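Written out below as structure tokens is the structure these notes cover.
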Amino acid sequence: MSVAHQLDGRARDAFRNSFGYLPRAVAVAPGRMNIIGEHTDYNLGFVLPAAIDRHVGVALSLRKDPGVRIRSDRYPMPVDFDTLPDRRQGNWTDYVLGVACQVRGVAEAAAGFEAAIVSEVPVGSGLSSSGALEVAVAVALLRAQDLQLPPLEIARLCQRAENSFVGARTGVMDQFTALLARAGNATLLDCRSMHHEPVPLPGPAFSWLLADTRVRHELAASAYNDRRAECEAAARELGVASLRDAGPDDLERITDPTQRRRARHVVSENARVLQAAAMLQRRSPRALGGILYASHASLRDDFAVSCRELDLLVELAAQGPTVVGARMMGGGFGGCVLILLETPGLDGLEQYLAEGYARVFHRTPEFHRVRSVDGVMPGAAS
Ligand code: GLA
């Protein structure tokens, strides 16, 4: 039985235990890794993510009254509302409530609902537990009302929930991946046209290891929005709609040195995504190494979203004889480093990283050996 099917069963059980009857709809959505293309999605550039075998499951039924009841295996406190709140609560339920408000915008019915959530995506590690939760809630809510929306519309709906309800001005990469990823592949996504194509990931001789620094910086959310504003300011000065339309020759026209560095990251990262996709298409995974390290250096020096813990893990990984390449992954300021390595080196590398990291930071990273999987189950209507 697949990991997604197991979580589907767990979500159904959790629902029955909480509410005493069977749920009307269940959806299971995966977290994601991103091979490359960081902070490019909201600049309408390119990304190369893949869904991973860590999921969020949501089992749900509509209520006859407007009440909302939410239960989670991660947060023991039951959450009950008389009606769906239209303002953020400042906690994890905002991902559920924000999506429900958006779904209410497209559905006729204004009924309440009750939902049980089970999750195996670590929170705050940069593996998009929030994107997976949003997508699972959206798909389950739509199914419970027998509504069908194209996956891209569901991705946009979830992104709107995160932007306007939660208040994080994130791009569309995470939600897109949770919906449309294909096992064995990354997806090369053009975040402007939304054109997407599968890119084959290396076979079993190579593995993806995510090493979580276990650092969570409070400033991450506000710094993310700041970076986005800096990119938008740089685009405005260049007279282009987004940095997607800027090239290396434009950079010197940006007067503010910070904005110029931010733009340099975006322009160079977009080029690296296309290079990396070409290397994977050519089945040359070893050629990814230099591109991954260059991405990390750019995120550290130009985009300034790394931290000492992430830098150390990348430096240590680079010394591993079986390592192809490594870089920080996701929004930054903590979370995970993505490492591509030869599979037989997994045990040795984990030990080496744990010891080296503990020598400096007096704690060990948490490791996730991940496989690529399909997007949301059951499949959203296409
Ligand atoms: C977070 C956001 C994504 C993306 C990444 C950085 O994961 O949710 O939209 O911007 O950061 O690449």
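When restricted to residues that are within 13 Å of the ligand (Cβ to nearest atom) and either open to solvent by less than 40 Å² (accessible area, probe 1.4 Å) or over 24 Å from LEU243 (Cα atoms) (or both), region 147-166 contains 6. Being touching a residue at least 40 places away in the same chain (Cβ under 8 Å), among the charged types (D, E, K, R) and in contact with a helix residue (DSSP H, G or I) (Cβ under 9 Å, 6 or more places away or on another chain) holds for only one residue in ARG272, ARG253, and it is ARG272. A single member of LEU141, LEU127, LEU157, LEU147 is assigned to a loop (DSSP other than H, G, I, E, B) and either of a type in the set (Asp, Glu) or more than 30 Å from ALA278 (Cα to Cα) (or both), and it is LEU147.
Just one of the numbered conditions (1) touching a His at 6+ places or on another chain (Cβ under 7 Å); (2) within 16 Å of the ligand (Cβ to nearest atom) is not true of GLU38: (1). From (1) part of a helix (DSSP H, G or I); (2) at pLDDT 95 or above, pick out the condition that doesn't hold for GLN6. Single failed check for GLN6: (2). Listed by first and then second residue, the pairs linking a residue in region 136-163 that is in the same structural domain as ILE117 (by TED's automatic domain parsing) to a residue that is aromatic (Phe, Trp, Tyr) and not in a helix (DSSP H, G or I), with Cβ atoms under 9 Å apart and 6 or more places separating them unless they lie on different chains, are ALA140/PHE113; LEU141/PHE113; ALA144/PHE113. Report yes if ALA278 is open to solvent by less than 40 Å² (accessible area, probe 1.4 Å) and either of a type in the set (A, V, I, L, M, F, W, C) or under 22 Å from GLN319 (Cα atoms) (or both), otherwise no. Yes: the conditions hold for ALA278.
One residue stands out among those in region 167-197 that are more than 15 Å from the ligand (Cβ to nearest atom) and of a type in the set (Gly, Ala, Ser): the one that is farthest from LEU340 (Cα to Cα), which is SER193. ARG261: farther than 15 Å from LEU44 by Cβ and surrounded by 21 or more Cβ atoms within 10 Å (Cβ to Cβ), yes or no? Spelling it out, it is not the case that ARG261 is farther than 15 Å from LEU44 by Cβ and surrounded by 21 or more Cβ atoms within 10 Å (Cβ to Cβ). Going through (1) at pLDDT below 95; (2) in a helix (DSSP H, G or I) one by one, LEU251 falls short only on (1). Could you say whether any residue in region 62-81 is within 11 Å of the ligand (Cβ to nearest atom) and in contact (Cβ under 8 Å) with a residue 12 or more places away in the chain? No - not one qualifying residue is present in region 62-81. Total residues in region 306-323 satisfying the condition of being more than 12 Å from LEU340 (Cα to Cα), open to solvent by less than 60 Å² (accessible area, probe 1.4 Å) and without any contact (Cβ under 8 Å) to a residue 24 or more places away in the chain: the figure is 1.
In region 62-69, the condition of being over 26 Å from ARG169 (Cα atoms), of a type in the set (Lys, Arg), outside any helix (DSSP H, G or I) and modelled with pLDDT under 95 is met by at least one residue. Here GLY126, GLY45 are screened, and the one residue that is within 15 Å of the ligand (Cβ to nearest atom), surrounded by 17 or more Cβ atoms within 10 Å (Cβ to Cβ) and within 12 Å of the chain's Cα centre (by Cα) is GLY126.
The values are calculated or read from the model by the stated rules, or taken from the named source; none is laboratory data. All values reported here derive from a predicted model rather than from experimental measurement. Positions of Cβ are generated from backbone atoms using ideal geometry, with glycine treated the same way; all protein chains shown enter the neighbour counts. Just so you know, the surface numbers come from the protein's heavy atoms only, side chains and all, with ligands and any DNA or RNA stripped out. Shrake-Rupley method; radii C 1.70, N 1.55, O 1.52, S 1.80 Å.
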